[in-house]
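**Student:** Before we start, here is the structure in question, set down as C-alpha cells.
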C-alpha cells in the first residue's frame, strides 16, 4: 500500500517535470549566447546570464509596438465583450421573453463552431468596409468571437442569484438599468472576472485572425510579430527566446494571480454547462 | 416585477448589442462560407453554381485532403487515447488529496495559458536536428552523431506536431475532471467506506459513473479541438514537408489565402464545421445512457 502511494507520487512528479522542463529550457536559452546554446551548455543554467538578449529583442525588433498592440487588443476585447455579454446573459438568464431559448441556442452553437469557418467572408467584409488592416479590423471579430463562451459562463452564475433580489429592488422603485448596474453587476463580479480571464487568454494568444487580417507592422500582435522575427533571426535563439518569454510572461503572471479563480470557475462553468 | 423583467424594450436593450455583433461577424460569415462552397469562385471572376461538386472533389480527387482528414483523425485518436486518460488519472489522484495538490494542479495547467505560437516555436527547437533537446538526449545515450531532422522528414513530421498538441492540453482536461470529481458529494464515499468498498470499486462504481457528464464534455472538447487544429501545425511545419503533416484547416488556409480557391477552400472550411457538429451529436448520443445512470444514482 505504501509502495503504491510512492509510485503514484513519483508518477505525478514525472509528469510535472515533463510539463515544466520545456518552459525551463525556453527561459534558460533566452539568457544564453549562441556559443552556449549550440556548444557546450545546451541544457544547464546559463554560465553567463545574458540579459542583453532582452535588450536586443526590444531594440532590434518592433517588440514594444507588438506588445502594446496586444495589450490594447486584449484590454479592449475584455472590456467590451465583458459588458455586452454581462447584459445579454442577464436577459437570457433572468428576463421573460419568447425567443430566449432560440437566442441561447445561437450562442451555444457559437461555442461549437470553429473560427476558421468564417474566415474568408469576414476577410471580405472587413476589406470592403475598410476596417481590415486597422485596429477595428481585428477588434470586432475578437469581441464577436469572445461573446459565446463569456455568455455561457455568466448565465450559470446569474441562475444562482435568488430572484428576491430583483423583487426587492422593484419594490423599492428601482428601474431595471439602475438595478442591473448597482445591484446585479457587483454580485456577479467574480463571474465577470472569470469570463475575462478566458477572453484575455484567447485574445492575447490568438494567431489565425491576427496573421490574416493585419498586414502592416503598426497593428501587428505579439504572436504574429514573434513568428515573423523568428524567421528573420532564425539563428539567434537567444533573441527569439527572449521575445517568446516576453509574450508568455503576462499570461503566466495573470494565471498565478487568478489561478484559484480559474479553477473555481471551471467547476461552475464546464461541469454544469 | 413581471413588468420590469418582461418589457420588450428592456430585453432588446440588453440582448441586441451582443446578438447583432455575434450574428453579423460570426453567424452570417459562416453561412456565406457554406454558400461559397457550392460555387466555383476565385474571388474576382464570375461565381458559377456547381452544387456539391466541390465536396465530391475533396474525396474523389484530392489525395492531400484525404491525408489531411486521416491526420486529423490521428490527432483525435491521440487526444482520446493518450491525453484524456492521463488527465483523468492525474485528476483522480489529485482530487483524493496528495502532498502538494495545489502545486501539481498549477504546474499541469501552465502550458495551457501559453500561446500555441510560443509552444510551436519552442517544440520546433526541441526537435531541431543539430541543437534540439531531443537529439542532445539521444546523443547522450550513446548514438554520438545522431542528427535526425524530425520535422523535415515526411515520416515523422506529423508525429512531431502531435506530441506538443497532446502535451499542451493535458492540464486543461485534468482541471475539468478534477473540478468534476470535487463536486461529487462526499456522502457517497463515506457510505462506500462503511460498506468496506475497495479503492478500485470506489473508482469504477462511484467516481467514473458520476463523472459521465464531465467526461462527455471533455470528449467533445477534445474531438472538436483536434478536428479544427491549426495554430500549432501552421507554426511548426505549415503542413509540409510535401503535405505530409497537412490537416484540413491548414489546407483550407492555403487554398483560401495563397491559391485564391474561394469555393473549394470554403468547402473544406464547411466540412470542418459539419464534422464538429456531427461528432458532438454522436458523442452526446453515446453518453446519453451513461448520463441517465449518473443522474439516477
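**Student:** Which peptide among A:32-42, B:15-25 comes first, and what is the full order, when sorted by highest mean count of other Cβ atoms within 10 Å?
**Tutor:** B:15-25, A:32-42
**Student:** Going by average Cβ density within 10 Å per residue, which order do the peptides B:145-151, B:63-69 take, highest to lowest?
**Tutor:** Ranking the peptides B:145-151, B:63-69 by packing returns B:63-69, B:145-151.
**Student:** Here is a further query. Per DSSP H run of n ≥ 4, the term is -39500 (n - 2.57); total these for chain B, divide by its residue number, and report the mean residue ellipticity at 222 nm rounded to 500 deg cm²/dmol.
**Tutor:** When only DSSP H runs of four or more count, the value is -20500 deg cm²/dmol.
**Student:** Within 10 Å of each Cβ in peptide B:267-276, how many partner chain Cβ atoms are there on average? Round it to a whole number, please.
**Tutor:** Mean partner shielding for this stretch: 3.
**Student:** Modelling each spin label as a point 7 Å along the Cα-to-Cβ direction, I'd like the residue B:183/residue B:257 distance in nm, to one decimal.
**Tutor:** 3.7 nm
**Student:** Further, regarding this structure: Can you give the FRET efficiency for residue B:8 and residue A:14, using 1/(1 + (r/R0)^6), R0 = 51 Å, r = Cβ-Cβ distance, to the nearest 0.05?
**Tutor:** Once rounded, the FRET efficiency stands at 0.30.
**Student:** Treating the stretch B:25-107 as a set of equal point scatterers at the Cα positions, no solvent, please give the Debye-formula log₁₀ I(q)/I(0) at q = 0.14, 0.18 Å⁻¹.
**Tutor:** -0.73, -0.90
**Student:** In square nanometres, what is the average projected area of the Cα convex hull of the stretch B:83-173?
**Tutor:** 7.3 nm²
**Student:** May I have the convex hull volume per residue, in Å³, for the Cα set of the stretch A:61-272?
**Tutor:** Per residue, the Cα convex hull of the stretch A:61-272 comes to 146 Å³.
**Student:** From the Cα gyration tensor of the stretch A:1-76, with a ≥ b ≥ c the square roots of its eigenvalues, which class applies: rounded if a/c is under 1.5, or else prolate if a/b is larger than b/c, or else oblate?
**Tutor:** Because a/c hits 1.5 or more and a/b fails to exceed b/c, the stretch A:1-76 counts as oblate.
**Student:** Over the whole of A:249-261, what's the average partner chain Cβ count within 10 Å per residue? Rounded to a whole number, please.
**Tutor:** 2
**Student:** Based solely on its DSSP helices, what 222 nm [θ] is calculated for chain A when runs of n ≥ 4 H residues each add -39,500 (n - 2.57) and the sum is averaged over all residues, nearest 500 deg cm²/dmol?
**Tutor:** -23500 deg cm²/dmol
**Student:** If you don't mind, another one. Zone of residue A:83 (label point 7 Å along Cα→Cβ, backbone N under 18 Å): which residues in the stretch A:89-107?
**Tutor:** It comes to A:89-91, nothing else.
**Student:** Using the basic label-point model (7 angstrom from Cα toward the beta carbon), what is the residue A:68 to residue B:98 distance in nanometres?
**Tutor:** Computed distance between label sites residue A:68 and residue B:98 equals 4.7 nm.
**Student:** If R₀ is 56 angstrom, what is the calculated FRET efficiency for the pair residue B:42 and residue A:178, using the beta carbon separation as r and rounding to 0.05?
**Tutor:** Step by step, r from the Cβ atoms, then E = 0.55.
**Student:** State, to one decimal in nm, how far the label point of residue B:208 lies from the label point of residue A:5, with both points 7 Å from Cα in the Cβ direction.
**Tutor:** 2.5 nm
**Student:** Over all residues in B:226-235, what is the mean tally of Cβ atoms on other chains that come within 10 Å of each residue's Cβ?
**Tutor:** Counting Cβ atoms of other protein chains within 10 Å of each residue's Cβ and averaging gives 3.
**Student:** In Å, the Kirkwood hydrodynamic radius of the stretch A:1-151 over pairs of distinct alpha carbons?
**Tutor:** After inverting the mean inverse Cα-Cα distance, the result is 20.7 Å.
**Student:** Label chain B by shape, choosing from rounded, prolate and oblate, from the square roots a ≥ b ≥ c of the eigenvalues of the Cα gyration tensor; if a/c is under 1.5 it is rounded, and otherwise prolate applies when a/b is larger than b/c, oblate when it is not.
**Tutor:** oblate
**Student:** Still on this structure, I have one more. Please compute the alpha carbon radius of gyration of the protein assembly as shown, then divide it by the globular-protein estimate 2.2 N^0.38 Å. Two decimals is fine.
**Tutor:** Compared with the compact-globule rule of thumb, the protein assembly as shown sits at 1.01.
Computed from the coordinates by the stated procedures, all read-outs in this text should not be read as laboratory data. On a predicted model such as this, the values are computed, not experimentally measured, just so you know. Cβ sites come from the backbone with ideal geometry, for glycine too, and all protein chains shown count toward neighbours.
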